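Structure incoming, see below.
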Amino acid sequence: MKAMRTPLRTVRGLGSAHEGTSHFWITRISGVALVPLSLFAIGLVFSLLGKDHAAALAALGRPVVAIPLILFVIIGVEHMRLGIQESIADYIHGELLKVAVLMLNTAFCLLVGAAGVFSLLIIAFGA
């Protein structure tokens, strides 16, 4: 099997990580899922323009509104994480720096997602 490798590939020792296809599909599916969820979130924002704080809390507290917004946050943050991860893999070349930045990316996305979901749950349950 070694004969099928190019000399450059043999020297570098690079090969497939076997994650490209799943990464590709998750990015595409999350992007498609974000289209209706984004339209819903934008429509909600426009419907709340000019309303007071109590009306906004009442609207966000309804399950029909809270569930799609929670899905929007979760899917949006995962889509963001995968997109930034792809940029990091393409443009950062030092392995130690790449691992550190990938860890920061994951931590940041986890923090943003947790804060968004927590905030929506607090509003939904009226605490």
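The values are calculated or read from the model by the stated rules, or taken from the named source; none is laboratory data. Just so you know, these numbers come straight off a predicted model, no measurement behind them. Cβ coordinates were reconstructed from backbone atoms using ideal geometry, including for glycine residues, and neighbour counts include every protein chain displayed.
Any idea which of V32, V101, V73 is under 24 Å from the mean Cα position of the chain (by Cα), within 20 Å of L120 (Cα to Cα) and either at pLDDT 95 or above or not in a helix (DSSP H, G or I) (or both)?
V73
Determine which single condition L39 fails, assuming it passes every other condition in (1) under 19 Å from I123 (Cβ atoms); (2) modelled with pLDDT of 95 or more.
(1)
Answer yes if at least one residue in the stretch 49-68 is over 19 Å from L120 (Cβ atoms) and assigned to a helix (DSSP H, G or I), and no otherwise.
Checked the stretch 49-68: no residue is over 19 Å from L120 (Cβ atoms) and assigned to a helix (DSSP H, G or I).
Which pairs do you get when a residue that is free of Cβ contacts under 8 Å to residues at least 60 places away in the same chain and over 24 Å from F72 (Cβ atoms), found in the stretch 93-114, comes within reach of a residue that is among the β-branched types (V, I, T) and surrounded by 10 or more Cβ atoms within 10 Å (Cβ to Cβ), reach meaning Cβ atoms under 6 angstrom, with the pair 6+ apart or on two chains?
What qualifies is K98/I92; V101/I88; V101/I92; L102/I88.
Then there's this: I'd like the full set of residues that are in contact with a helix residue (DSSP H, G or I) (Cβ under 6 Å, 6 or more places away or on another chain) and loosely packed, with under 14 Cβ neighbours inside 10 Å, limited to the stretch 109-127.
Within the stretch 109-127, no residue meets the criteria.
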